[in-house]
1. What residue, among those in region 61-82 that are in a loop (DSSP other than H, G, I, E, B) and touching a Lys or Arg at 6+ places or on another chain (Cβ under 9 Å), is modelled with the lowest pLDDT?
2. Within region 51-60, can you find the residues that are in a loop (DSSP other than H, G, I, E, B) and farther than 16 Å from Ile107 by Cβ?
3. Just wondering, is there one or more residues in region 63-76 that are within 26 Å of Thr194 (Cα to Cα) and either of a type outside the set (Phe, Trp, Tyr) or in contact with a Ser or Thr (Cβ under 9 Å, 6 or more places away or on another chain) (or both)?
4. On the given criteria, is Leu99 surrounded by 14 or more Cβ atoms within 10 Å (Cβ to Cβ), out of contact with any Cys (no Cβ under 8 Å at 6 or more places or on another chain) and either under 15 Å from Tyr185 (Cα atoms) or among the basic types (Lys, Arg) (or both)?
5. For region 131-155, how many residues are of a type in the set (A, V, I, L, M, F, W, C) and over 13 Å from the mean Cα position of the chain (by Cα)?
6. Taking into account only those residues within region 139-188 that are of a type in the set (Ser, Thr, Tyr) and more than 20 Å from Gly122 (Cβ to Cβ), which is surrounded by the most Cβ atoms within 10 Å (Cβ to Cβ)?
7. Quick one: would you say Lys121 is in contact (Cβ under 8 Å) with a residue 24 or more places away in the chain, in contact with a Phe, Trp or Tyr (Cβ under 9 Å, 6 or more places away or on another chain) and farther than 29 Å from Ile190 by Cβ?
8. Return yes or no: is Lys33 out of contact with any Asp or Glu (no Cβ under 6 Å at 6 or more places or on another chain) and either farther than 26 Å from Asp171 by Cα or free of Cβ contacts under 8 Å to residues at least 12 places away in the same chain (or both)?
Amino acid sequence: MNLNLGFLASHDGSNVKAIMESIEQGRLRASPKVIISNNPNSGVLELAKNKNIPHYCLNEKNFPQKYKSLDLAIIKTLQEHQVNLVVLAGYMKKVGSQLLEAYHNRILNIHPSLLPKHGGKGLYGLKVHQAVLDYGDTEAGVTIHLANQEYDQGRILAQAKIKVLPNDTADSLASRVLKLEHALYSQTLIEIQTNRLDLDNYVNIM
């Protein structure tokens, strides 16, 4: 599958940066077509500028009114840049129904837990890692899944695990899980690009 990637991110976009590095190093054959953020001060927009990638800040306050909804503005922007796979990378807004329909089974999300554990509305960032510790879990990790109408409930495509250490804090756990995120997102995209992972039928022949 030829990957034309469109990224949606809200903050620094460390996963976007890691994926870009995989592309630049030749490990992932893909084209970063556009980066969209809802946050005008996000680091990911600065990253896009430095990498010479088309980038836009689109949110409920500033989307072009000709599109009538933020969802439609995002769809049109992705389509104008020939995006065929949407990568959510720390995008702190729920994806709208129009976007889900326009890119059915073509929107990936990453979550810093072993779903279905510690997912859902309000569980993000350090809150997830604190929940892992509060529940006394012996393992933590990261999940990549297809986005759907519900928070963190789409079909799971890949997971990676680490052990929870006796002296772990939410911060230390977050730091170690983030390294897993960077590796797993790129590897999952490689599996999609090489047709080893089928997004429609979920035939994983790894």
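The values are calculated or read from the model by the stated rules, or taken from the named source; none is laboratory data. This one's a predicted model, so the numbers in the text were calculated from it and none came from an experiment. Using ideal geometry, Cβ is built from the backbone for each residue, glycine included, and neighbour counts are taken over all protein chains shown.
1. Applying the filter and picking the extreme gives Pro64.
2. Scanning region 51-60 gives Asn52, Ile53, Pro54, Asn59, Glu60.
3. Yes, region 63-76 contains at least one residue that is within 26 Å of Thr194 (Cα to Cα) and either of a type outside the set (Phe, Trp, Tyr) or in contact with a Ser or Thr (Cβ under 9 Å, 6 or more places away or on another chain) (or both).
4. For Leu99, the condition - surrounded by 14 or more Cβ atoms within 10 Å (Cβ to Cβ), out of contact with any Cys (no Cβ under 8 Å at 6 or more places or on another chain) and either under 15 Å from Tyr185 (Cα atoms) or among the basic types (Lys, Arg) (or both) - is not met.
5. 4
6. So the residue we want is Tyr185.
7. yes
8. The answer is yes for Lys33.
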